[in-house]
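First comes the structure, then the notes that go with it.
The values are calculated or read from the model by the stated rules, or taken from the named source; none is laboratory data. Values in this document were obtained by computation on a predicted structure and should not be read as measured data. Neighbour counts run over all protein chains shown; Cβ positions are idealised from the backbone, glycine included.
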Amino acid sequence: MAQCPSVPSAKTQTSDGYTERIDRVIDYLRGNLHRPVKLAELADVACFSEFHFHRIFTAVSGETLNNFTNRLRLEKAARLLRYSDQSLTDIALDCGFSSSATFSRAFRSGYDTSPSQFRKSGEIKNSKICKELFPQDKYGLPMSAEEKKAAFPVRLIDIPERQVAYIRVTNAFDMDRVLAALKTVIEWAKSQGIFSQGILFGMTVDDPHVTPQHLYRYEVCLASSLPFECMEGMSKLKMPAMRYAAIKVSGDIDKVATACDYLYRDWLIHSPYEPEHAPALEVFLDKESALDWSHFELDLCLPVRKPVQVNGRN
């Protein structure tokens, strides 16, 4: 049985404490998309009764549990189709579908295109939600692959396990929402005396080219080796040790977008690595200037691993 926090008072029951408990469920779902997860299992993670859990999940997240889980599975599948060379069957099973046929039907229903066609084009042109997706050419610089390679050298870094406090922002294309969360985390960290040694970063939980803009989530985080207490509206998680491919970027949002695109579309597919199923990080190198979004000093970090060997083959 999960260790349950006290139930919040009536005046805060639709926020703060409940949000933290649903955040735990979302984190748990994200790590278990490859298998069926029963309602009772998720209710236990949230420390709610099964009878109330589904209604609370819908009230806090804005989606039914079934719709939310299916969306996460399809978005994971879209990322794998775009960034890996796994077979459709392997992707289907890795994303919790019983077969490639079931996966194909679900993908077409969600995006109005087939998995194989999406893999070829990398675009969702005719989807019913296409207008809600982030346009692929909104940000970026006109640079050739050679220019990007010279401008954005990639290094590998190993980040140890760490405790992280975070605020999850939904509809994160509204920059004011993200900036407000970032300001809150900075002020909280300073009040806790952990800002100077902590690592301030954002996690891009969703793919902006797959997730509708109003549902796109971004997590504003601070990792600390010192003990801390989360404030109301914050959640806490333990991030495992992981290897990252990192690019240091100094410039405006167009330069950041270009570096990110190079990391995924050019470097990754020509590297001996494949992406881990974990969020990418945007580490703020100049923490005191993190609220100034006219200029960024960032490490863009993509979690990677060596390809998993199956039957003696990569």
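Brief remarks follow.
- Among the residues of region 222-241, those identified as touching a residue at least 60 places away in the same chain (Cβ under 8 Å) and within 28 Å of H295 (Cβ to Cβ) are A223, S224, M234, M239.
- Residue among E288, E219, E274 that alone is surrounded by 21 or more Cβ atoms within 10 Å (Cβ to Cβ), of a type in the set (D, E, K, R) and either on the phi < 0 side of the Ramachandran plot or touching a residue at least 24 places away in the same chain (Cβ under 8 Å) (or both): E219
- Residue pairs meeting the criteria (Cβ under 9 Å; at least 6 apart or on separate chains; first free of Cβ contacts under 8 Å to residues at least 40 places away in the same chain, in region 89-106; second β-branched (V, I, T)): D90/V310; A92/T102; F97/I91; S99/T89; S100/T89; S100/I91; F103/T89; F103/I91
- Neighbours by Cβ (under 6 Å, 6+ apart or cross-chain): first from region 67-83, within 13 Å of E274 (Cβ to Cβ); second outside any helix (DSSP H, G or I): R79/D207; L80/Q86; R82/G122; Y83/P275
- Residue count, region 180-203 (criterion: part of a helix (DSSP H, G or I) and farther than 14 Å from E219 by Cα): 6
- Of the residues in region 121-136, not one is of a type outside the set (V, I, T), at pLDDT below 95, surrounded by 18 or more Cβ atoms within 10 Å (Cβ to Cβ) and outside any loop (DSSP other than H, G, I, E, B).
- Qualifying residue in region 239-257 (condition: more than 20 Å from the chain's Cα centre (by Cα) and of a type in the set (G, A, S)): yes
- Enumeration of residues in region 137-157 that are modelled with pLDDT of 95 or more and assigned to a loop (DSSP other than H, G, I, E, B): F152, P153, V154
- Scanning region 158-176 for any residue that is part of a helix (DSSP H, G or I), surrounded by fewer than 16 Cβ atoms within 10 Å (Cβ to Cβ) and modelled with pLDDT of 90 or more turns up at least one such residue.
- Residue check for A246: within 26 Å of V164 (Cα to Cα), of a type in the set (G, A, S) and in contact with a strand residue (DSSP E or B) (Cβ under 8 Å, 6 or more places away or on another chain): yes
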